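The values are calculated or read from the model by the stated rules, or taken from the named source; none is laboratory data. Predicted model, so just to flag it, every value in this text is computed and none were measured. Using ideal geometry, Cβ is built from the backbone for each residue, glycine included, and neighbour counts are taken over all protein chains shown.
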Amino acid sequence: MKFALNTTHRRLFTSQVPYYTTLLSNFSSKTRLPPLKLHDPIAPPPRTLPRYHRYRAMTTVTATSSPPAIHVKEKIDLNDKEKQIFGRLLQVLIHFNLRTQLRVAGGWVRDKLLGKECYDIDIALDNMLGKEFCEKVNEYLSSSGEETQGIGVIQCNPDQSKHLETARMRLFDIWIDFVNLRSEDYSENSRIPTMKFGTAEEDAYRRDLTINSLFYNINSNSVEDFTGRGIADLRSGRIVTPLPPKETLLDDPLRVLRAIRFGARFEFMLEEDLKKAAADDDVKAAIADKISRERIGHEIDLMISGNQPVKAMTYISDLQLFSVVFTLPPNLEPLTSEGQDRSVST
């Protein structure tokens, strides 16, 4: 069903922000748009020039064999549920004249480009906190006579790989996470980062892998590849870090296991420099010192329950990580039979 546009909407879309006319025609909604009170046109901010040419130019991929080419879609095809969700978010932007870019980040973009359905939707905001935007969504729902939704806030928790506050709410029966774009610095001997607002480019480069650094810009209905390698690495089936691998892994050693898990899951090839960094003694020590056993166990559970558990364990073995990943607790006592003296070895 097309949006029913009143005179104010039509004048705004056709004279001030014409790109929204085409964009909103792609989304369906059962709710008529309320009258708008806009004072300034909404326009996407100009894209900043890339700032990581030095590393991009020096990066080379070396491997003993080339993985098969992976079919990657040229564009993302939205299903009906996604059209409803993203259309509603755009309505909120227009209604409140918010100068905010909405981007879907990470795994959803990767999976959609691979032709796989995914409802793990994370929305990254460029100039507001997730909780603030969720409150605007509820304000819009209330003004439209619709039922408001509960907002959950997940506090920062480095042990759970949550470095930023995340707001969560349900839209059209799908849970959506909202966070702001960020730039992070990690202090020595700590996985707790110092967070500040960042650009989409900075956010892309701070992610674990290039295939997870892609964005889908809801405002412009386009895929954004700020590292310049995300789509290429997805197509060639390579696991690569956006920045030098040792730097990326030392910033968050849990990324070693994530790289292994995604490599096994998609049967992608780990880049040689990444494998060398993962097997580095400094990185091994960081895994042992910075990552809780619970987080390591969670990643192993995901590997074992995945479609390629043997391949994942082979990666761990080849990278000589078994002694780090499967270390025994220091206070573990030897097993004894019932009634047997603990001093007797068996």
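Within the stretch 82-130, restricting attention to residues that are basic (Lys, Arg) and at pLDDT below 95, which residue is farthest from Glu201 (Cα to Cα)?
As a first pass, look at the stretch 82-130 and keep what is basic (Lys, Arg): 83, 88, 99, 103, 110, 112, 116.
Still in the running and at pLDDT below 95: 99, 116.
Values: Arg99: 18, Lys116: 25 Å.
Looking at the filtered set, the residue picked out is Lys116.
Filtering Ile76, Ile85 for residues that are of a type in the set (A, V, I, L, M, F, W, C) and farther than 19 Å from Phe266 by Cβ leaves a single hit, Ile85.
From the list Glu224, Glu202, which residue is assigned by TED's automatic domain parsing to the domain that holds Gly107 and farther than 25 Å from Ile70 by Cβ?
Working: Glu224 fails: farther than 25 Å from Ile70 by Cβ.
Result: Glu202 is the single residue among Glu224, Glu202 that is assigned by TED's automatic domain parsing to the domain that holds Gly107 and farther than 25 Å from Ile70 by Cβ.
Applying the selection to the stretch 203-253, what residues are part of a loop (DSSP other than H, G, I, E, B) and either among the basic types (Lys, Arg) or under 21 Å from Asn79 (Cβ atoms) (or both)? If the condition is that a residue be part of a loop (DSSP other than H, G, I, E, B) and either among the basic types (Lys, Arg) or under 21 Å from Asn79 (Cβ atoms) (or both), then Arg206, Arg207, Leu214, Ile218, Asn219, Ser220, Asn221, Arg229 are the ones that fit. Every test in (1) touching a residue at least 40 places away in the same chain (Cβ under 8 Å); (2) touching a helix residue (DSSP H, G or I) at 6+ places or on another chain (Cβ under 7 Å); (3) surrounded by 23 or more Cβ atoms within 10 Å (Cβ to Cβ) is passed by Arg295 save one, and that test is (3).
Only one entry of Asp301, Asp251, Asp318 meets the criterion of being in contact with a Phe, Trp or Tyr (Cβ under 6 Å, 6 or more places away or on another chain) and outside the structural domain of Val109 (by TED's automatic domain parsing), and that entry is Asp251. Every condition in (1) assigned to a helix (DSSP H, G or I); (2) within 17 Å of Tyr216 (Cα to Cα) holds for Phe133 except the one numbered (2).
Going by the conditions given, is Phe266 among the aromatic types (Phe, Trp, Tyr), modelled with pLDDT of 90 or more and surrounded by 15 or more Cβ atoms within 10 Å (Cβ to Cβ)? Give the derivation first.
Details: among the aromatic types (Phe, Trp, Tyr): yes; modelled with pLDDT of 90 or more: yes; surrounded by 15 or more Cβ atoms within 10 Å (Cβ to Cβ): yes.
Yes, satisfied.
Against the test of being among the acidic types (Asp, Glu), touching a residue at least 40 places away in the same chain (Cβ under 8 Å) and within 19 Å of Leu209 (Cα to Cα), the options Asp289, Asp280, Asp273 yield a single qualifying residue, Asp273.
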